[in-house]
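A.B. asks: What follows is a structure written as structure tokens; I'll ask about it next.
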Amino acid sequence: MNICCIGAGYVGGPTMAVIAQKSPQTRVTVVDMNQARIDAWNSGNLPIYEPGLAEVVAESRGRNLFFSTDVAGEINAADIIFVAVNTPTKTYGVGAGSAADLRFIESVARTIAEVATSGKIIVEKSTIPVKTAETIQKILGANTRGLEFQVLSNPEFLAEGTAIVDLHNPDRVLIGGQKTPAGQKAVQTLADVYADWVPRDRIITTNLWSSELSKLVANAFLAQRISSINSISALCEATDADVDEVARAIGYDSRIGPKFLKASVGFGGSCFQKDILNLVYLCQSYGLPEVAAYWQSVVGINDWQKKRFAAQIVKALFNTVSGKRIAIWGFAFKKDTNDTRETAAISICRDLLEERAEVVVYDPKVPAEQIRTDVLGKGVENDRLIIVDSAEAAAVGAHAIAVVTEWDQFKAIDFEAVFADMPKPAFIFDGRNLLDLEQLRKIGFNATGIGK
Ligand code: NAD
Ligand code: UGA
């Protein structure tokens, strides 16, 4: 069996590395048009940081796992082609700001149609709007000189920072296919690949459209829980309730469950916002404005929560941060990743810079240049945005520390020493409810959390 995956990103790379690891008899090649990315996958310095990934890649690379820019050649050699290209929010034309931009998906479908000399199974791994398989099928059908293609939907549910654990032990693998004999045969072929390590009862099969839609709905439900608890965090602050205690109390109800109830500065990451906006656009397109408004509010609360955090800092610092130094601890959208896409830190840094603060950022995994580009835009300079290489250095001379990413190392910091280096009163705003506020208050900090 030959597998090719188009797109060597956060999904394509780790997913294929695990297939190659668990299925040594399968030849797996990940292709990308981005030469630098492929070079990095072939080097000792992988293009993404993910715990356990380097070990999994090292086990199979050069044996049955390959990274290449030969897109056409590998398409031709493959029996199964995974499509794991990016599907960002459209920034132009109709649907700008909410619809999914499907130009990379379409371009892949056209490339396959152009270069394939035998029939293949094509697997949608990217997150796409429901009915995208129809588009792919039409493009292939119109161009492939009678070759047989089966399009399957197999959305990915891994979370960054735990990708390898999630791939090794998924809650479920979802495969959607056509209800024809050929469609069902393709579904079984793909199910057999996963069955090398995933128990059969966790491999769920559905029709194509249910599978495509389930991915958007899963992300919408997860994000909705965060916006729900974040909305309650504001009420907790107004009433002296504690959001962590409320989350614990409701999470004990087995119908609610304890996961994804951690109040925060707001969710980030490349997908939650993009996928909900995609869902909103779909609802609008299908004439369901009430449903669209319901899901839109999940993004609305998240934007509000990010703004609220920055505004609270300004308010607590006597309504001005102009000329004051604010330490930002953590920039990635969550711990254990170097990914900064849609991180709440961008909005918080921008708001504080707008208030003329000096913003000093430390993140253990995100390169300084990435932080600058994310906050200011490519090539834009601002002396008031400073990036340093330790949390302690960020805090020296700072009027306040804002914990934006929940990196474990922040829990082990010598806060007495940090306190000594800060002008008084010294503030800590724990945007992740990571630290022991009582302990910090004993040291002398004005310490506040989210929903506390
Ligand atoms: P990414 O941007 O990290 O990687 C996509 C890669 O595809 C890029 O390297 C790009 O160069 C390549 N590419 C685009 N068009 C191409 C073409 N025509 N030929 C060859 N290569 C091409 O994106 P990602 O984070 O891996 O996400 C990919 C998809 O998976 C998205 O639809 C996303 O919504 C979904 N998803 C992402 C995650 C996640 O944790 N990041 C989880 C589940 C699902
Ligand atoms: C999320 C989903 O969890 C994955 O199942 C999905 O495959 C993926 O999106 C995707 O489609 O891209 P990811 O964004 O990598 O994964 O990470 P999460 O752990 O879901 O965290 C997302 C954001 O929500 C982070 O900023 C995180 O800090 C925040 N979060 C999460 C909270 O604020 N509170 C919580 O209780 C949980």
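Any read-out appearing in this document is the output of simple, stated calculations on the displayed coordinates, not a laboratory observation. Please read all numbers here as calculations on a predicted model, not as lab measurements. Cβ coordinates were reconstructed from backbone atoms using ideal geometry, including for glycine residues, and neighbour counts include every protein chain displayed.
A.B. asks: If you fit an axis through the alpha-carbon atoms of helix 289-316 and take the longest principal axis of the Cα set of the chain, what angle between them do you get, 0 to 90°, nearest 10?
C.D. replies: Around 30 degrees separate the two axes.
A.B. asks: How tilted is helix 103-115 with respect to the longest principal axis of the chain? Cα atoms for both, answer in degrees (0 to 90, nearest 10).
C.D. replies: 20 degrees
A.B. asks: For the stretch 1-21 and the stretch 45-75, what is the centre-to-centre distance using only Cα atoms, to the nearest Å?
C.D. replies: 7 Å
A.B. asks: As an exercise, take the mean of 1/r over every pair of distinct alpha carbons in the stretch 23-89, invert it, and state the Kirkwood radius in angstroms. Each step should come with its number before you reach the end.
C.D. replies: Working: mean 1/r = 0.0769 Å⁻¹.
Computed over Cα pairs of the stretch 23-89, the Kirkwood hydrodynamic radius comes out at 13.0 Å.
A.B. asks: Could you go through the stretch 246-263 in sequence order and give the Karplus-derived ³J(HN,Hα) for each residue, using 6.51 cos²θ - 1.76 cosθ + 1.60 with θ = phi - 60°, rounded to whole Hz, and x for Gly and Pro?
C.D. replies: 5, 4, 5, 5, 7, x, 5, 5, 5, 6, 8, x, x, 7, 6, 10, 8, 5
A.B. asks: Among Met16, Met422, Met1, what is the fewest-to-most ranking by other Cβ atoms within 10 Å?
C.D. replies: Numbers: Met16 29, Met422 21, Met1 13.
Ranked by crowding around the Cβ, least crowded first: Met1, Met422, Met16.
A.B. asks: Treat the count of other C-beta atoms within 10 Å as a stand-in for reagent exposure and order Thr162, Thr320 from fewest to most. Display every interim value, and only then the final one.
C.D. replies: Numbers: Thr162 16, Thr320 12.
Exposure proxy ranking, most exposed first: Thr320, Thr162.
A.B. asks: Sticking with this structure for a sec: Please state, to two decimals, what the Cα-based radius of gyration of the stretch 156-233 comes to when divided by 2.2 N^0.38 Å (N = residues). All intermediate terms of the calculation are to be shown ahead of the outcome.
C.D. replies: Numbers: Rg = 15.1 Å, N = 78, 2.2 N^0.38 = 11.5 Å.
Taking N as the residue count of the stretch 156-233, the ratio is 1.31.
A.B. asks: Give the percent of DSSP beta bridges with both residues in the stretch 1-111 that are antiparallel, rounded to the nearest 5.
C.D. replies: Restricted to the stretch 1-111, the bridges split so that about 5 percent are antiparallel.
A.B. asks: Over all distinct Cα pairs, what is the inverse of the mean 1/r for the stretch 384-451, reported as the Kirkwood hydrodynamic radius in Å? Before the final figure, lay out the partial values.
C.D. replies: Numbers: mean 1/r = 0.0827 Å⁻¹.
Result for the stretch 384-451, one decimal place: 12.1 Å.
A.B. asks: Quick check: the angle from helix 132-143's long axis to the longest principal axis of the chain, C-alpha only, nearest 10 degrees?
C.D. replies: Once rounded, the angle reads 40 degrees.
A.B. asks: Near the amide H of Gly397, under 5 Å away, which other amide H atoms are found, from residues 5 or more places off or on another chain, if H is placed in the peptide plane?
C.D. replies: Sorted by chain and number, the residues that satisfy this are Met422.
A.B. asks: What's the tally of Lys pairs in the stretch 248-356 whose alpha-carbon atoms lie under 25 angstrom apart, where the two lysines are 8 or more places apart or on different chains?
C.D. replies: 24
A.B. asks: Quickly rank 182-192, 243-253 as a protection proxy: mean count of other C-beta atoms within 10 Å, highest first. Display every interim value, and only then the final one.
C.D. replies: On the way: 182-192: 17.3, 243-253: 15.5.
Descending mean neighbour count gives 182-192, 243-253.
A.B. asks: Hey, got the Cα dimensions of the stretch 126-276 along the principal axes, in Å, largest first?
C.D. replies: 68, 32, 26
A.B. asks: Under the rule of at least 5 residues apart or a separate chain, name every residue whose amide H is placed under 5 Å from the amide H of Thr206.
C.D. replies: Ile175, Gly176, Gly177
A.B. asks: For the ranges 47-55, 211-219, what's the packing order if you count other beta-carbon atoms within 10 Å of each residue, average per peptide, and put the highest first? Display every interim value, and only then the final one.
C.D. replies: Values: 47-55: 17.0, 211-219: 20.7.
So the order, starting with the most tightly packed, is 211-219, 47-55.
A.B. asks: Rg to Rh ratio, the chain, alpha-carbon atoms and Kirkwood radius?
C.D. replies: Ratio of gyration radius to Kirkwood radius: 1.00.
A.B. asks: Looking at the stretch 381-420, which chymotrypsin sites (Phe, Trp or Tyr not before Pro) are in a loop (DSSP not H, G, I, E or B) and have at most 12 other Cβ atoms within 10 Å?
C.D. replies: Values: sites: Trp407, Phe410, Phe415, Phe419; in loops: Trp407.
For chymotrypsin sites (Phe, Trp or Tyr not before Pro) across the stretch 381-420 that sit outside H, G, I, E and B with at most 12 neighbouring Cβ atoms in 10 Å, the list is empty.
A.B. asks: More than 26 angstrom separation, counting every C-alpha pair in the stretch 295-442; what % is that?
C.D. replies: Working: 2005 of 10878 pairs.
Result: 18 percent of Cα pairs exceed 26 Å.
A.B. asks: Relative contact order for the chain using alpha-carbon pairs under 8 Å, separation at least 6, rounded to a whole percent?
C.D. replies: On the way: 867 pairs, mean separation 52.8, N = 452.
That works out to 12 percent.
A.B. asks: Under 5 Å between amide hydrogens, which residues at least 5 positions from Gly268 or on another chain qualify, with H placed 1.01 Å from N in the peptide plane?
C.D. replies: Answer set, sorted by chain and number: Ala344.
A.B. asks: Using θ = phi - 60° and the Karplus relation 6.51 cos²θ - 1.76 cosθ + 1.60, list the HN-Hα couplings for the stretch 265-282 in order, rounded to whole Hz, with x at every Gly or Pro.
C.D. replies: My calculation for the stretch 265-282 gives 5, x, 6, x, x, 6, 10, 3, 5, 4, 6, 5, 4, 4, 5, 4, 5, 4 Hz in order.
A.B. asks: What list of ³J(HN,Hα) values in whole Hz, one per residue of the stretch 389-405 in order, does the Karplus curve 6.51 cos²θ - 1.76 cosθ + 1.60 (θ = phi - 60°) give from phi, with Gly and Pro shown as x?
C.D. replies: Each residue's phi maps through the Karplus curve to give 10, 8, 5, 5, 4, 5, 7, 4, x, 7, 6, 8, 10, 10, 8, 10, 10 Hz.
A.B. asks: So, one more: Neighbour counts of other C-beta atoms within 10 Å: give me His399, His168 arranged from fewest to most.
C.D. replies: On the way: His399 22, His168 14.
Placing the least packed residue first, the sequence is His168, His399.
A.B. asks: Also: Need one number: % antiparallel among DSSP beta bridges in the chain, to the nearest 5.
C.D. replies: On the way: 2 of 50 bridges.
Taking every DSSP beta bridge with both residues in the chain, the antiparallel ones total about 5 percent.
A.B. asks: May I ask which residue of Val173, Val217, Leu140 lies farthest towards the positive end of the charge dipole of the stretch 132-218, with charges of +1 (Lys, Arg) and -1 (Asp, Glu) on Cβ and the Cα centre as origin?
C.D. replies: The residue sitting most towards the positive pole is Leu140.
A.B. asks: Given C-alpha coordinates of the stretch 312-380, what is the ratio Rg to Rh with the Kirkwood estimate of Rh? Could you put the intermediate results ahead of the total?
C.D. replies: Working: Rg = 12.1 Å, Rh = 12.4 Å.
Across the stretch 312-380, the Cα-based Rg/Rh ratio is 0.98.
A.B. asks: Please list, or write none, the aspartates and glutamates whose alpha carbon is within less than 15 Å of the alpha carbon of Lys22, excluding same-chain residues fewer than 8 places away.
C.D. replies: Answer for Lys22, where 15 Å is the Cα cut-off: Glu55, Glu59, Asp166, Asp192, Asp196, listed by chain and number.
A.B. asks: Only loop residues by DSSP count here, and only those with at most 13 other Cβ atoms within 10 Å; note down the chymotrypsin sites (Phe, Trp or Tyr not before Pro) in the stretch 74-148 that meet that. Let's see the in-between values first.
C.D. replies: Numbers: sites: Phe82, Tyr92, Phe104; in loops: Tyr92.
Passing sites in the stretch 74-148 are Tyr92.
A.B. asks: If you don't mind, there's one more thing I want to ask. Measure of size requested: the Rg and Dmax of the stretch 71-207, with Cα atoms as the atom set and Å as the unit; please supply both.
C.D. replies: Rg then Dmax for the stretch 71-207, in Å: 15.5, 44.
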